[in-house]
Structures are given as C-alpha cells and as structure tokens.
1. Return yes when residue 219 is free of Cβ contacts under 8 Å to residues at least 60 places away in the same chain and within 23 Å of residue 274 (Cβ to Cβ) and no when it is not.
2. For segment 333-352: of the residues being assigned to a strand (DSSP E or B) and modelled with pLDDT under 95, which is nearest to the chain's Cα centre (by Cα)?
3. Which of the following residues is open to solvent by 20 Å² or more (accessible area, probe 1.4 Å), assigned to a helix (DSSP H, G or I) and modelled with pLDDT under 95: 470, 476, 466?
4. Having 2 or more residues that are open to solvent by 70 Å² or more (accessible area, probe 1.4 Å) and basic (Lys, Arg) is the bar; report the strands (runs of 3 or more DSSP E) wholly within segment 179-235 that clear it.
5. How many of the residues in segment 303-332 are among the polar types (S, T, N, Q) and assigned to a strand (DSSP E or B)?
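The values are calculated or read from the model by the stated rules, or taken from the named source; none is laboratory data. Since the model is a prediction, treat every value here as computed from it, not as a measurement. When we count neighbours, we look across all protein chains shown, and the Cβ atoms used for this are built from the backbone with ideal geometry, even at glycine. When the accessible area is computed, the model is the full protein with side chains, heavy atoms only, and any ligands, DNA or RNA have been set aside. Shrake-Rupley method; radii C 1.70, N 1.55, O 1.52, S 1.80 Å.
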Amino acid sequence: MMNGGRGGIGSRMGDEDEIGTKFVDTGNHMPRSKFGNMMHSDPNLSATAAAIPRDEVFGYRNSSASLTGPASFDPNRMSCEGSPMTMSPWNQTAGGSNFPWSFEENLPQNGLIGSLVREEGHIYSLAATKDLLYTGSDSKNIRVWKNLKEFSGFKSSSGLVKAIIIAGEKIFTGHQDGKIRVWKVIPKNPTIHKRSGTLPTLKEILKSSIRPSAYVQVRNRSALWIKHCDAISCLTLSEDKTLLYSASWDRTFKVWRISDSRCLESINAHDDAVNSVVASLEGLVFTGSADGTVKVWKREQQGKTTKHSPVQTLLKQESAVTSLAVNTSGSVVYCGSSDGMVNYWECEKQLSHGGVLKGHKLAVLCLAAAGNLVFSGSADKTICVWRRDGKLHACISVLTGHTGPVKCLAVEVDHEKSKDDDQRWVVYSGSLDKSVKVWSVAEMAPDMYQMAMMQQQQQYQQHIGSDADSLPSDESSRAGKNRGE
C-alpha cells in the first residue's frame, strides 16, 4: 500500500515552484487555481505546503505522459454495488443528504485511541507488527512505538523514508535515493536496530558492474539493471513472504529474493512513475502508475528463474493511480486515484470491474484492507472506512482529526477488544501534519449501516429494473475494465 509518487500539479507549461521543483500537468487533473487556493487559504495546509514540495503534499507522481485518446474508463458507471456516492460525506445530492446520520462524527464503534507526535518530519510510511509500530518520515529517523509510547529509533543516512515493510526478523525501508535498506533487531536488546545490508548488495553491484549486459539505458544514461534510478515509492511481499517487490519512480518494479538479498528480475512496467505495487494469491502482482494505468502481472517459475509476465491492463485513465490494496482473501483489488475515486475489481470473476467508491473531495493517497473493511486516506485529511457485504460497499465511518493530508495507513487486529461476533481493528494513519493517529474500528455493522445497505440495494434495483439479483452483463463490466489494452 501504500504509497508515494512525484508531483504534477502545476501549470501546463511546466513552470517551477518556489523551491525549484519542476512540474508538468497534462491538463486532466485539478486546475491550478483550485490547487493554489487550497495551498494558501487553508490554514491547516499552509504550513505543510511551505515546507515540502508540491508533489509530496499529494504524495504521488502525476502523469507526464501524453494521452492521445479520450479517457478509456468511465468512473461514473454504476455497478452491481449501487452507487456508494450516496454514502459519501461530501455528497449532497438527493438520497444521500436525506440519510439520517452525520458523517462528520464517527459512529460509536469507531474512535480515536490516541496520537503520536514527534516534531521532526512529515510521516510518509508506516508498518505495524504485533505490538510495535514503525514510522518513517522526511527526517533521517525511523521511530518505533509501543503502547502509544516511543520505544526505539534508528537513523538512516538517506533522509526521507518512503516505504517500510517487515518480513520476519528483517525490516526493509525504501528511500528517496532509490536504495532499499535492511535492518535487524538485536535479540539481547530489542530496542536496538542495526543495519544489516542494502539492496542491491555491494557484492552484487561489483559482480554485475563488470558485465556489459548488466547495463540498461535509463533516461539517456547507462545504469545497472539491479539498481533503482529514482525514489522507491512502495514495498510489498509475495503471499509466501519469500519475495520482496519494490516499485520506483524510475518506471520499474524489481523482484528480490529475501533469503539471499538477490535481485531476480527488473520489469519495465509503465510509461511513468510506478506509485504502488501489491502481490496477491496465485502469483498475481498488481502495479499502479502515474500514467493512469493498473496492470496485472503473473509470476511463473521457469526452472530456477522467476519471471513475471503481463496479463492485462485493468484501468487506463488520465488521473494518476496513487495506491493499491488487495483484501485479506485476495478476492478484491482496490485502486486509489488522484481524482479521489477508489475503483475495485473482483478477482474471482476474472478481474471484472466491480464499481467505484466515491467518498473523498481530493486525491486518495493510500489504501489498506483488513477483513471486510477497506480504508482510504486522502489529501482531504480524512479516512473513509468502507465495509464490503456481498456485492455492496458502504461507507460506515469517516475518521477525522488530521490537519494535513493522510499519507499512509496500517491495520492490525485488535486482539484485546475483538470477539467472535465483533472483529475490531487498530488502524494507524500517518499524515503530513507530522502526526500518527491510532484508531479503533469495529467491523460489525451498526443498525445505521444496515439501513444504508438497504438504501443502496433499493437504488441499485431502480437502476437495473425489477431483477434485484441480476449482475452487470459481461458487456457492461467490460466497458470499464479493459478498454485501451
């Protein structure tokens, strides 16, 4: 999940902002005037905006690719789930505005446990394991928290930490300099973390550097294929935890074998920055890019060689894809975009498009899925909690409290409060307001949620006619699935 990229919200002429960062806008994203008003008139964002690049406020890289055709995906098509727009806290149309609950307040089951604040940088990455939380920021420090208190910390020499993931006894961090650093906990003193290596390893770099075939052309210069040439945007693990995937702004994703830290493969995946990568069941890997596409890859073992082959393109749109998530069972893949939408596909139905979740005013920057819930964090400073029930999704809560864009999310089971009939989750949200907030979220649906689902079903029935149990036809699903492949 999660989630970083490089900006593109600027003038169409590619002008530079006050800190000398160049931006390109294809004209398909938020108008500059709206961006400017938000940056300067909103007191909660003005300090953040002044301190960091415009691209990092939104946390993704917008497409600089030229799209010659019209948008190939219709986000307004109604699917089998009805329209979650009626559940949106921002929607004021008939139906949604008459529904009897306020989205400005959390439902009783969901609430803030506490906040973790250390004034040293904007939070870009999170990883949770058991009772520990790791946070990465644009400082040189990676903090470790336990029971809402600082437990430990360790330094990286490269500054901004854009991704963190934990694999057994190893902690992997992805950085702005394109390197992946590996850390381990000292068993005799778990508060001490020591760096145990870097990907690619020095040995592999030296071994590859003497082979001309190990070099590829990247942006008019020669580079080793095992090295990322731009910022790491995302890290994820294969379903069996044996492989590490890294996505980068250099338009590639790479595959690493965790046991020996070897780079097995580098895939030129997209026409612009790869903002997210996530692995699912049966060897499927999904990548989302600033070029507006979501692609599916299949991992296959060919003798001793691991190879990823393209399967299909799920989405092709003008808005940048910022984040991806797969639910616990691997049956649904979710995609967040710079237009504030969350699209999803049903893996069990040959990756047919399931629908669009509309709950944010600004870009979706991060996604996380747990149980029947999916969480979407946004530049509008909120977190929408969506619950999936059969064919339907409904926004059962909106978590508010951050004063800056929500950049990253992590979810863990709440073992203390969970019951057989009431699964609860601890949700961590990192923001560019320099804080991490900790939430308790219930999966059990309250009465109002049941009412909302009934209302969605009624609206869906009105849309498709009298056959309440029918699904979209193959043709209607395909219209939003693979156009432009």
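1. Answer is yes for this residue.
2. 346
3. 476
4. Ranges flagged: 189-199.
5. Residues flagged as among the polar types (S, T, N, Q) and assigned to a strand (DSSP E or B) within segment 303-332 amount to 7.
Here's the yes/no breakdown for (1) open to solvent by less than 30 Å² (accessible area, probe 1.4 Å); (2) outside any strand (DSSP E or B); (3) of a type in the set (A, V, I, L, M, F, W, C); (4) modelled with pLDDT of 95 or more:
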site: 354; (1), (2), (3), (4): yes, no, no, no
site: 357; (1), (2), (3), (4): yes, no, yes, yes
site: 380; (1), (2), (3), (4): yes, yes, no, yes
site: 384; (1), (2), (3), (4): yes, no, yes, yes
site: 393; (1), (2), (3), (4): yes, no, no, no
site: 404; (1), (2), (3), (4): yes, yes, no, yes
site: 415; (1), (2), (3), (4): no, yes, no, no
site: 429; (1), (2), (3), (4): yes, no, no, yes
